[in-house]
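Notes follow once the structure below has been shown.
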Amino acid sequence: MIKLRNIDRYIDKRLQRNFILKGIDLDIAEGDFVSIMGPSGAGKSTLLNIIGFLDDANEGEYYFLDEPVHSLNEKQKSEYHRSYIGFVFQAYHLIDELTVYENIEMPLLYRKVKGSQRKSMVADMLDRFNIVAKKDLFPNQLSGGQQQLVGVARALIGSPKLILADEPTGNLHSDQSKEIMETFKKLNKEDGVTIIQVTHSDEMASYGDRVINLQDGAVTENNPYEEE
Amino acid sequence: MLKNYFKIAFRSFKKNKAYSAINIFGLAIGITSLIFILLFIQDELSYDKFHENKDRIYRVTGSYDRGEQKRVESALTTYQLGPQIDFQFPQVEKAVRISPNNNSNFLINGENIRQENIVFADSGFFDVFSFPLVEGDKKHLFKVANEAVLTQSTAQKMFGDVNPIGSVIEMDGIPITISGIMKDTPSNSHFSASMIISSETIHDQYPSWVRDNWSGTSHYTYILLDKNISPEVFEQELNKYWDSTFKEYGDLAQYAEFSLQPLSKIHLESNLVNEIQANGNLTYVYIFGAIGFIIVVIAAINYMNLATAQSLNRTKEVGIRKVLGAEKGHVKKQFLSESLLISTIAFVVALISVEIIIPFFNQITGKNIDVIFPNDLPLIFAIFASVLVIGLISGGYPSFWLSRLSIIRTLKSNSLGSNRGGELLKRGLVTLQFSISAIVLVSTILISKQIQFVQNKNLGINPEQVLVIPFQNSEIANRFTEIKEELIKESWVSSVTATNNPLPGRITNWRPYRTNGSDENLSVPTIVVHDDFIETIEAEISEGRNFSKDRISDRTNAYLINEAAARFLNLTNPVGSKLVGSTFTGNEWGSKDAEIIGVVKDFHFTSLHDEIQPVVFSLSSEQTTPLNNLAVRVRSEDFETAISGLERTWNTFSNGVPFEYSFLQDDISLLYDAEKKFLQLFSIFTTLAIIISCLGILGLVAFAVNQKMKEICIRKVLGADVVDIIWSFVKSYSQLIIISNLLAWPIAYVLMKDWLEDFAYRVPISGLEFVIAGSIIFLISIGTISLVAYKAALLNPVKSLKSE
């Protein structure tokens, strides 16, 4: 599903070139649950952003579902965001001015889903995450865990093939974190959704079935648990 | 999707109430001003356009020789011209003479009613002009003499609810039958009437110089020209005919030269001697148009600045939307529709304000514009369309900017997406805004200075405490000496005189004069006065002596002239010179060869727009033009005693004619009515422009302060005091304000110099105006900035640091 070849990402400063990512080669198959780990500044988020088309690599090739991403235009990328990729952020990134219901509904608006169908899809999602009672609340009226549930629900409503999660549990306490991770696991196993998460925590990484360690912009360990 | 956009727009308005209010109100004020200005211009341009035949109606005006190659361009023509055109030129469908602005007393059902604004008109009046008749048949109107058409309000005033058709009223003993009722003359007509009386009715009353003399100027002549004849061609033919007819007689009339004025251009473009009423001024129309445009530009800039500033709050939302699959186009569309929504709200607010304010507007402008909705749907649509364009343009920049933001930058919470290019643009726009405000303010100061100057300028006379009383008819005028004798006994009367010329006013009565040894006649306007004239208006004798009551010979053998006349007549030693002049009673010419006994220091008789004219003063006698106005100087400010005393005396002589008076001072300031109205409107719009600018700066500063709240608090924690914090904001804006003033001044200078050229007597541009305007703008804006910064600096730092 994802094929990265020799990906470089760098920032040019006056005399030197600072590499954030250097020579990344990576293959992720459909149905994988991958955790990207590594110390701060290793380039985890940047890698995730590149995978999610939020950032562009300076060098190298990236194929998503055999489509060369490096030659996609803005519009086509938006099309992928709408139909294939869901995002979950550490800071939730819900829209403050919209209610829970409206936040979850939003991706459907960009996909031009019809009103009646939208209604049932959002209702489904609220049901599934057990937040029906909260549907008319605004994000700042919810706890962090609840907000993140909404964030996940929003990522899932477009039935994406790939979910990218940047430290999804970073702001949550352990019970809430577990709930989120269980959800991810279930999605992965039952619906076959590919999940890539960035995390610091071994516990969270253990929900997945593959770990990629990053150090100073390079993959140092690919799949340490493979033996298991 | 649109619903979603509007929902989020409304919620973010609610969240940022202050900004949204500033935004909407700034724009609404701008649109309101624009609507009023457009209404004003529309009304000015609509003058006389309601006549069906407007494209074929022309006013014939005359240019008359006054000697020394001086010509007078007058709106008046001779009484004879109309019938002559009718008779000689088949290409003219109809020629109509009118004599407007007459006042008379009527005997109606035994009651004496004074009626002003009477128009005497020829029988074709209702064929040429399209004043709609409510009753009566225009085919048969005015075919005979002694007929009148009343306007609806005059009919109401004279007869109440009784139908007046067929009733007979008496005007100075002449019976007149009411044969029609017309709608009140609209305010956008260059002349108005309370009633129209057929000219025939008073033909015999006219003095012979009106009736029989071909060179007198007394009536306005309008023609309805055949469709296929060009006015230029007709003008030539008319002048050719006139020349050939009068040259052989050697008549004075041969010196007249006629021009045609299209009816629709009279109000805005005609500025001749003896206009029927004060006309509009095309320049003012342009100026207001420019101001309307300026205000809208200021409001749009404001809106754009605030929207751009506020869009910083929305960057995260844009990022999220993009992650969820929004394209650039979606983001642009969202913010543009938000901008359109705000402009639409502002538009609605503006419409409501217009409805509320319109009576005040009418009061100031003296116009009679109806509440516009729904009368002016096309205008409203046009304005709404331009409002949408404003919304698109000013919402365009922020939406363009937002749509181009990279997702990563917007989602990283610590970088607020600072926008250097945008910052520069914003500062540029603020500078532009302040420059415009400065230009407008400097202009306002100069205009009001000029108008004050004009009003307070030493006129050369002292108009205070002088009452002017028109005689209204010749019987009363003939008893002037008796009236004067009565009045002079009163302790509150200081002096009494009378003149033929209205005070103040354009001096007419041009008479030929010849100096010693010259054989060329020069035309000089003449004022016939009674004793004590110089004393009453407190003019000054600069050379020689005043008329004296003790010298009987002064009556027939003395002239006073003003300094301008001495120059015009080329007299280096005027006192003692002989002047061969003439007198005219209105029926009979006589000659008056007299000595110039003194020179009166130049004083202003007309508005300061005009230079002082040469004038000859002649004492009233049997041979001179009859006196028309009584002028009384009273001793004290106790005008109540004076007015009631005057009325008492008047009533003993007037035979029931009601008493009328005015203060000379008021009459003089009426001459500047147009300027005063202009100034009033102008200052209102200036104030608005400045308010909008300040609202803008308030919004911007408030926003900047909000953005820098964390910085302010950290500074405070580190020991900065309130003054330091305020200063850091003031500093960055004061540069802009100073720059914008420096940019504005030269432009304002050029504009105002041009405007002042229009006055014969004007205030100098001292430079002080610029400093004052600059200081005002500086103080207001720095005040605003300091206030906002002060409030921020007083906040408890813990609170705002916590929230980060």
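The values are calculated or read from the model by the stated rules, or taken from the named source; none is laboratory data. What you see is a predicted model; the values in this text were computed from it and never measured. With ideal geometry, Cβ positions are generated from the backbone for all residues, glycine too; neighbour counts draw on all protein chains shown. Areas reflect the complete protein model, heavy atoms only, side chains present, ligands, DNA and RNA absent. Shrake-Rupley method; radii C 1.70, N 1.55, O 1.52, S 1.80 Å.
How many residues does the stretch B:573-594 hold that are assigned to a loop (DSSP other than H, G, I, E, B), open to solvent by 30 Å² or more (accessible area, probe 1.4 Å) and either aliphatic (A, V, I, L, M) or at pLDDT below 85 (or both)?
The total comes to 4.
If you scan the stretch B:763-789, which residues turn out to be of a type outside the set (A, V, I, L, M) and free of Cβ contacts under 8 Å to residues at least 24 places away in the same chain?
Within the stretch B:763-789, B:Pro764, B:Ser766, B:Gly767, B:Ser775, B:Gly783 meet the criteria.
Taking the condition of being part of a helix (DSSP H, G or I) and either at pLDDT below 80 or within 11 Å of chain A (Cβ to nearest Cβ) (or both), how many residues in the stretch B:385-422 meet it?
Total meeting the criteria: 10.
Going through the stretch B:54-111 one residue at a time, which ones are part of a strand (DSSP E or B), open to solvent by 70 Å² or more (accessible area, probe 1.4 Å) and at negative phi?
B:Arg71, B:Glu73, B:Glu93, B:Asn103, B:Leu107, B:Glu111
Name every residue in the stretch B:108-136 that is among the charged types (D, E, K, R) and in contact (Cβ under 8 Å) with a residue 40 or more places away in the chain, in order of residue number.
If the condition is that a residue be among the charged types (D, E, K, R) and in contact (Cβ under 8 Å) with a residue 40 or more places away in the chain, then B:Arg114, B:Glu116, B:Asp122, B:Asp127, B:Glu135 are the ones that fit.
Residues of the stretch B:387-399 being farther than 13 Å from B:Thr308 by Cβ and in contact (Cβ under 8 Å) with a residue 40 or more places away in the chain, which ones?
Across the stretch B:387-399, the qualifying residues are B:Val387, B:Leu388, B:Ile390, B:Gly391, B:Leu392.
In the set B:Asn239, B:Asn163, which member is at pLDDT 90 or above, touching a strand residue (DSSP E or B) at 6+ places or on another chain (Cβ under 9 Å), in a loop (DSSP other than H, G, I, E, B) and of a type in the set (S, T, N, Q)?
Result of the check over B:Asn239, B:Asn163: B:Asn163.
Residues of the stretch B:474-511 being within 37 Å of the chain's Cα centre (by Cα), part of a helix (DSSP H, G or I) and either basic (Lys, Arg) or at pLDDT 90 or above (or both), which ones?
Passing the criteria: none in range.
Which of the helices (runs of 4 or more DSSP H) found entirely inside the stretch B:242-332 contain at least 1 residues meeting this: among the basic types (Lys, Arg) and farther than 29 Å from B:His219 by Cα?
B:315-323
Can you work out which of the residues in the stretch A:10-24 that are surrounded by 10 or more Cβ atoms within 10 Å (Cβ to Cβ) and of a type in the set (D, E, K, R) is farthest from A:Asp216 (Cα to Cα)?
A:Arg17
From the list B:Asn53, B:Asn16, B:Asn105, exactly one residue is touching a residue at least 60 places away in the same chain (Cβ under 8 Å) and within 14 Å of chain A (Cβ to nearest Cβ). Which is it?
B:Asn16
Kindly indicate whether A:Tyr63 is of a type in the set (Ser, Thr, Tyr) and closer than 16 Å to A:Gly158 by Cβ.
The answer is no for A:Tyr63.
When you go through (1) outside any strand (DSSP E or B); (2) open to solvent by less than 40 Å² (accessible area, probe 1.4 Å) one by one for A:Tyr62, which number turns out not to apply?
It is condition (1) that A:Tyr62 fails.
Output the residues belonging to the stretch B:200-232 that are in contact with a helix residue (DSSP H, G or I) (Cβ under 9 Å, 6 or more places away or on another chain), assigned to a helix (DSSP H, G or I) and of a type outside the set (Asp, Glu).
B:His203, B:Arg211 - these are the residues of the stretch B:200-232 that are in contact with a helix residue (DSSP H, G or I) (Cβ under 9 Å, 6 or more places away or on another chain), assigned to a helix (DSSP H, G or I) and of a type outside the set (Asp, Glu).
Check whether at least one residue in the stretch B:14-33 is of a type outside the set (Gly, Ala, Ser) and in contact with a His (Cβ under 8 Å, 6 or more places away or on another chain), and report yes or no.
No: zero hits.
Counting just the residues of the stretch B:314-341 that are surrounded by 21 or more Cβ atoms within 10 Å (Cβ to Cβ) and within 48 Å of the chain's Cα centre (by Cα), which one comes out farthest from the other protein chains (Cβ to nearest Cβ)?
Only one residue fits best here, namely B:Ser339.
Being within 13 Å of chain B (Cβ to nearest Cβ), aliphatic (A, V, I, L, M) and surrounded by fewer than 23 Cβ atoms within 10 Å (Cβ to Cβ) narrows it down to one of A:Leu164, A:Leu98, so name that one.
Every option except A:Leu98 fails the conditions.
Considering (1) out of contact with any His (no Cβ under 7 Å at 6 or more places or on another chain); (2) within 24 Å of B:Val96 (Cα to Cα), say which one B:Ser130 fails and leave the rest.
(1)
So that you can scan it fast, the table gives a plain yes or no per residue for (1) away from every other protein chain (no Cβ under 13 Å); (2) closer than 16 Å to B:Gly325 by Cβ; (3) in a helix (DSSP H, G or I):
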| position | (1), (2), (3) |
| --- | --- |
| A:Tyr80 | no, yes, yes |
| A:Ala91 | no, no, no |
| A:Pro107 | no, yes, yes |
| A:Asn130 | yes, no, no |
| A:Asn140 | no, no, yes |
| A:Thr169 | yes, no, no |
| A:Leu172 | yes, no, no |
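Would you pick out the residues in the stretch A:174-207 that are open to solvent by 40 Å² or more (accessible area, probe 1.4 Å) and in a helix (DSSP H, G or I)?
Hits for the stretch A:174-207 are A:Ser174, A:Asp175, A:Lys178, A:Glu179, A:Glu182, A:Lys185, A:Lys186, A:Lys189, A:Glu190, A:Asp191, A:Asp202, A:Glu203.
Return yes or no: is B:Ser553 in contact (Cβ under 8 Å) with a residue 60 or more places away in the chain and either surrounded by fewer than 16 Cβ atoms within 10 Å (Cβ to Cβ) or over 40 Å from the mean Cα position of the chain (by Cα) (or both)?
no
Suppose the filter is surrounded by 14 or more Cβ atoms within 10 Å (Cβ to Cβ) and under 14 Å from A:Ile212 (Cα atoms); does A:Ile7 pass it?
For A:Ile7, the condition - surrounded by 14 or more Cβ atoms within 10 Å (Cβ to Cβ) and under 14 Å from A:Ile212 (Cα atoms) - is not met.
Residues A:Asn103, A:Asn73: which one is within 13 Å of chain B (Cβ to nearest Cβ) and modelled with pLDDT of 90 or more?
A:Asn103
For the stretch A:27-36, does any single residue satisfy the condition of being within 14 Å of chain B (Cβ to nearest Cβ), surrounded by fewer than 21 Cβ atoms within 10 Å (Cβ to Cβ) and among the charged types (D, E, K, R)?
no
Tell me which of these B:Thr283 doesn't satisfy, since it passes every other one: (1) of a type outside the set (A, V, I, L, M); (2) open to solvent by 40 Å² or more (accessible area, probe 1.4 Å); (3) touching a Leu at 6+ places or on another chain (Cβ under 8 Å); (4) over 20 Å from B:Val96 (Cα atoms).
(3)
Among what's in the stretch B:19-50 and is over 30 Å from B:Gly82 (Cβ atoms) and of a type in the set (S, T, N, Q), pick the residue that is farthest from the other protein chains (Cβ to nearest Cβ).
Checking each candidate, the answer is B:Gln42.
Answer with yes or no whether B:Val296 is within 14 Å of chain A (Cβ to nearest Cβ) and crowded, with 18+ Cβ neighbours inside 10 Å.
In short, no.
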